[in-house]
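Engineer: I'd like to ask you about the structure that follows.
The values are calculated or read from the model by the stated rules, or taken from the named source; none is laboratory data. Keep in mind it's a predicted model, so treat the numbers as computed, not measured. Here the Cβ positions follow ideal geometry from the backbone for every residue, glycine too, while neighbour counts run over all protein chains shown.
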Amino acid sequence: MSLCNLRVRSDVLALRAYCLRAILALATLFSVGCAGTKMASTSPSSPTPAGSLSPSNSTLNFGNVQLGSGKSMSLALTNAGTSAAVQISQVTASGPGFTVTGVTLPVNLEVGQSVTLSVDFKPTSAGSTSGNVSIVNTATKSNISVGLSGAGLASGQLAVSPASVNFSSVTVGGSQNQTGTLTAGSSSITVSSASWNGTGFSLGGISFPVTIPAGQSVPFRVTFAPQTTGAVNGTVSFLSNASNSPTNETLGGTGVQATLHSVGLSWNPDASTVQGYYVYRGAQTGGPYAKISTLQPGSSYVDASVSSGQTYHYVVTTLGTNSQESAYSNEAVAVIP
């Protein structure tokens, strides 16, 4: 008896589900099947080196810090190896306004031991700056480097964070939100209004006018809801009594077409005379099943009402010339990517 296919299609993607044979009433056999899906094998992870120094963060972002003040953040270094001690011989910070303290060198860390550094940022001028913490140790061939970033905020200025937002890919007809903050410098700032451009972008979560006390922040929300495919750029501008008004945040995102899925079912036709076939679908093995098709004269059916991330269970029945419906066939399973 020939084998037929059950296909899950996603544009050019085809997903083939499990093979099965269906036994219908009236002592007639037919089959619904497909080639098995290959599962990707996973390779065993590489063993942790005997001595391995691991930082708690790969980057530290200090955000906006007022000129004349500072901010500290912790950085933990752990020996994540299996047997050997690690010696840290040198720790240095680079970049305007960045310093590192909290450890007396050299320091030896046994397996599982940690040491915590204090990284400080005291901006020397208004605007964004960056640097890094470099750690010389015996566990790695090259120095470990932790990236640093921050911005100095002058008196009478308004800072927006982040300075740019990238929404990446968003399905047309859907939406995605990202949050940001407005921070006043060493004097209070009144933000009177905001405007934005770029198709699909909008601002929410904030009302105007709003007065932000010195050193304080207020949140806002930017939404990207693309109506067409393709890349879009935009800007949100905040008007205020700050010396750097308008304060801008740049926006970017890409609208992408929604992926369409379908499940194709086919089976060997009944050898006896029948009026046709009914297709049923359920959400779990063994049912319950709901009829999803009208009477099908042929031996195939396409289910286009499926969704990503779902699993569907199918069975088929025949309707005899005496208008009696057979029992369910064996079950076919389709997993939608």
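Engineer: Being of a type in the set (Ser, Thr, Tyr) and either assigned to a strand (DSSP E or B) or without any contact (Cβ under 8 Å) to a residue 40 or more places away in the chain (or both) is true for just one of 125, 145, 155. Which residue is that?
Structural biologist: 145
Conditions tested, residue by residue: (1) at pLDDT below 95; (2) surrounded by fewer than 16 Cβ atoms within 10 Å (Cβ to Cβ); (3) within 30 Å of residue 92 (Cα to Cα).
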position	(1), (2), (3)
142	yes, yes, yes
150	yes, no, yes
153	yes, no, yes
174	yes, yes, no
177	no, yes, no
184	yes, no, no
191	no, no, no
218	no, no, no
222	no, no, no
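Engineer: Considering only the stretch 251-274, state which residues are surrounded by fewer than 15 Cβ atoms within 10 Å (Cβ to Cβ) and either of a type in the set (Asp, Glu) or farther than 30 Å from residue 310 by Cβ (or both).
Structural biologist: 271, 272, 273
Engineer: Please verify whether the stretch 307-327 includes one or more residues that are part of a loop (DSSP other than H, G, I, E, B), exposed (fewer than 14 other Cβ atoms within 10 Å of the Cβ), among the aliphatic types (A, V, I, L, M) and within 31 Å of the chain's Cα centre (by Cα).
Structural biologist: Within the stretch 307-327, not a single residue is part of a loop (DSSP other than H, G, I, E, B), exposed (fewer than 14 other Cβ atoms within 10 Å of the Cβ), among the aliphatic types (A, V, I, L, M) and within 31 Å of the chain's Cα centre (by Cα).
Engineer: If you take the residues of the stretch 158-204 that are in contact (Cβ under 8 Å) with a residue 60 or more places away in the chain and among the aliphatic types (A, V, I, L, M), which of them is farthest from residue 227 (Cα to Cα)?
Structural biologist: Across the stretch 158-204, the extreme among qualifying residues is 158.
Here is a yes/no grid of residues against (1) of a type in the set (Val, Ile, Thr); (2) touching a residue at least 60 places away in the same chain (Cβ under 8 Å); (3) not assigned by TED's automatic domain parsing to the domain that holds residue 173:
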position: 244; (1), (2), (3): no, yes, no
position: 262; (1), (2), (3): no, yes, yes
position: 284; (1), (2), (3): no, no, yes
position: 302; (1), (2), (3): yes, no, yes
position: 311; (1), (2), (3): yes, no, yes
position: 319; (1), (2), (3): no, no, yes
position: 326; (1), (2), (3): no, yes, yes
position: 331; (1), (2), (3): no, yes, yes
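Engineer: Please work out which one of (1) among the hydrophobic types (A, V, I, L, M, F, W, C); (2) modelled with pLDDT of 95 or more; (3) not assigned by TED's automatic domain parsing to the domain that holds residue 229 is the condition residue 136 fails and give its number.
Structural biologist: (2)
Engineer: Let me ask something else about it. Let me confirm something: among 328, 312, 277, which residue is touching a strand residue (DSSP E or B) at 6+ places or on another chain (Cβ under 9 Å), among the hydroxyl-bearing types (Ser, Thr, Tyr) and within 22 Å of residue 260 (Cβ to Cβ)?
Structural biologist: The conditions single out 312.
Engineer: Identify all residues within the stretch 50-90 that are within 30 Å of residue 216 (Cβ to Cβ), among the small types (Gly, Ala, Ser) and not in a strand (DSSP E or B); write none if there are none.
Structural biologist: Scanning the stretch 50-90 gives 56, 58, 68, 69, 70.
Engineer: Let me ask something additional. Scan the stretch 224-244 for residues that are under 22 Å from the mean Cα position of the chain (by Cα), in a strand (DSSP E or B) and surrounded by fewer than 17 Cβ atoms within 10 Å (Cβ to Cβ) and jot them down.
Structural biologist: 230, 231, 233
Engineer: Related question: Return the residues of the stretch 115-136 that are more than 11 Å from residue 98 (Cβ to Cβ), small (Gly, Ala, Ser) and surrounded by fewer than 16 Cβ atoms within 10 Å (Cβ to Cβ); say none if nothing qualifies.
Structural biologist: 118, 125, 127, 128
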